[in-house]
Amino acid sequence: MTLRDDIETTLRAWDAYERARGCPPVVDFDCAPPDTAPAPVAHRLDAHERLTDLHHRAVAEGEQRFADRIGAHLAYLQALLGERQPLDAYVRATQGCGVAGWPDSHVTACRNRAIAAIESLGVSWGPDTARDLDRLEGRVSEDKVADLMRAAAADLEPAVRRITGATTDYDLTIESVDIDAYWSYWLDGAGTKVRLRLNRRHAHFTEVRLRQFALHEILGHALQTANWATVAATHDVDWIRVTAVHAQQQVLLEGLAQALPLFATPDDEAVAARVRLDHYLQLVRAELHQAINVGRSIADCVAHAHARVPFWTDDTIADALTDRGADPLLRSYLWSYAAGIDWFVTLADTATPDTITTVLRTAYHQPLTPADLAELWPGGPVLGGSGP
């Protein structure tokens, strides 16, 4: 067994333990599922001991990338066990980037661009923006969502394959669930079999959102991870073949999926407006993420959120603060959305066509960390922001 294989076996064993307890899984997508699942670890301290031994081994063998990846799992596991690192140290260990955030001038510029994009569609900025956008775009009934999303993905797939070089097929299952969780849509799977769950408690779709999330979930996550699985099945790859949302590939996954319409369908003004709006909203969520983790008062956070986003409800703000302050998984994972979308939107807006092609094609053939992304585009922005 190679070091890579031993790491994967340990992660699958820890994942089996967490799933058996009804806790969030460790493995989100398995690009090389084994024929026989490993026995679960005995408990979280057993997982901690195994990962610690593997970390020592990776360092001794000079495998820094593997050491960093194991470090992400150790940081998350230690958080599950009660440790609470400062936010910057925790996110650097897990997501692979800092949490300096973005200057007010950048957030304001993104806000202005979002407002211009939605106003060009005839929607005003204010307390009713979200409602008015939904009305303009046309709500879709729940019973039609799965079929329409598949149809949208089929229509958009040639464009995504052209820009990414992805060639694999994937087997998609769409399920409808009702779960009291922050997420509206979630994709996971193994090999080329992927599952998309739509959470009825939060998910709602318009005709525009269907196109956006066909790109995000199906042609972003599903096609991308299935293509990684195909590469892993045909090559002896030097990367860990299981993904975890608390590990360093997540900035790539969430960033590119959110920004994918700007690369694949740049002339779709309605979807592009949604991406511009989401970019701004993720930066505001990042401000709340920082604030609640440095001890800002709830009243200050709520006032800031209302000032930034006039159509957010108190319920929306409460959930954003709760998720980013208390939950060990979300305290890490949710930062990837802001860090990722900002980097990939900037890539779409400012990079050369050759750089864009290199990044997209590499990203669909292997997982990339923030350090990998920075190496592919040295002139790009600092992932996680350069500070105020």
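The values are calculated or read from the model by the stated rules, or taken from the named source; none is laboratory data. Everything numeric in this text was worked out from a predicted model, so none of it was measured. A quick note on method: Cβ atoms are made from the backbone with ideal geometry, for glycine too, and the neighbour counts reach across all protein chains shown. In case anyone asks, the SASA skips ligands and DNA or RNA and just uses the protein heavy atoms, side chains included. Shrake-Rupley method; radii C 1.70, N 1.55, O 1.52, S 1.80 Å.
Values as computed for the structure displayed
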read-out	value
Share of pairwise Cα separations in region 266-388, more than 23 Å, in percent	40 percent
Of all DSSP beta bridges in region 131-290, antiparallel share, percent nearest 5	55 percent
Chain lengthening between Asp319 and Val382 when straightened (0.36 nm per residue, less Cα-Cα)	19.9 nm
Paired Rg and Dmax values of region 147-268, which use every Cα atom, in angstrom	14.3, 42
Region 22-73: Rg to Rh, with Rh as the Kirkwood radius over Cα pairs	1.00
About the Cα centre, charge dipole magnitude for the chain (Lys/Arg +1, Asp/Glu -1 at Cβ), debye	300 debye
In degrees, nearest ten, helix 142-164 long axis to first principal axis of the chain (Cα)	70 degrees
Positive minus negative residues near Gly325 (Lys, Arg vs Asp, Glu; Cβ under 14 Å)	0
Restricting region 1-100 to trypsin sites (Lys or Arg not before Pro) in coil, as DSSP defines it, with at most 16 other Cβ within 10 Å	Arg21, Arg84
Rg [Å, one decimal], Dmax [Å, integer] - region 297-344, C-alpha atoms	11.8, 32
Helix 269-293 vs. the chain, principal-axis angle (Cα, 0 to 90°, nearest 10)	60 degrees
Globularity ratio of region 70-129, using Cα Rg and 2.2 N^0.38 Å	1.78
Equivalent ellipsoid, region 32-102 (semi-axes from 5 times Cα gyration tensor eigenvalues, Å)	24, 16, 13
Region 112-138 versus region 210-227: alpha-carbon centroid distance in Å	25 Å
P(r) of the chain over all Cα-Cα pairs, binned every 10 Å from zero, in whole percent	5, 23, 35, 27, 9, 1, 0
Fraction of beta bridges assigned by DSSP in region 158-202 that are antiparallel (%, nearest 5)	45 percent
Computed over region 1-132, Kirkwood Rh from alpha-carbon pairs, angstrom	18.0 Å
Carbon and sulfur %, accessible surface of region 137-276 computed with the full protein complex present, 1.4 Å	47 percent
Region 71-189 shape via C-alpha gyration tensor axes, a/c threshold 1.5	oblate
Helix 223-234 vs. the chain, principal-axis angle (Cα, 0 to 90°, nearest 10)	20 degrees
For the chain, the longest site-free run once GluC sites (Glu not before Pro) in DSSP loop states with at most 14 other Cβ atoms within 10 Å are removed	84-388
Residue-averaged 222 nm ellipticity for the chain, from DSSP H runs of 4+ at -39500 (n - 2.57), nearest 500	-19000 deg cm²/dmol
Accessible area per residue in Å² at 1.4 Å probe, computed on the chain	42 Å²
q = 0.15, 0.16, 0.24, 0.26 Å⁻¹: log10 I(q)/I(0) that the Debye formula gives for region 199-289, counting C-alpha atoms only	-0.71, -0.79, -1.28, -1.35
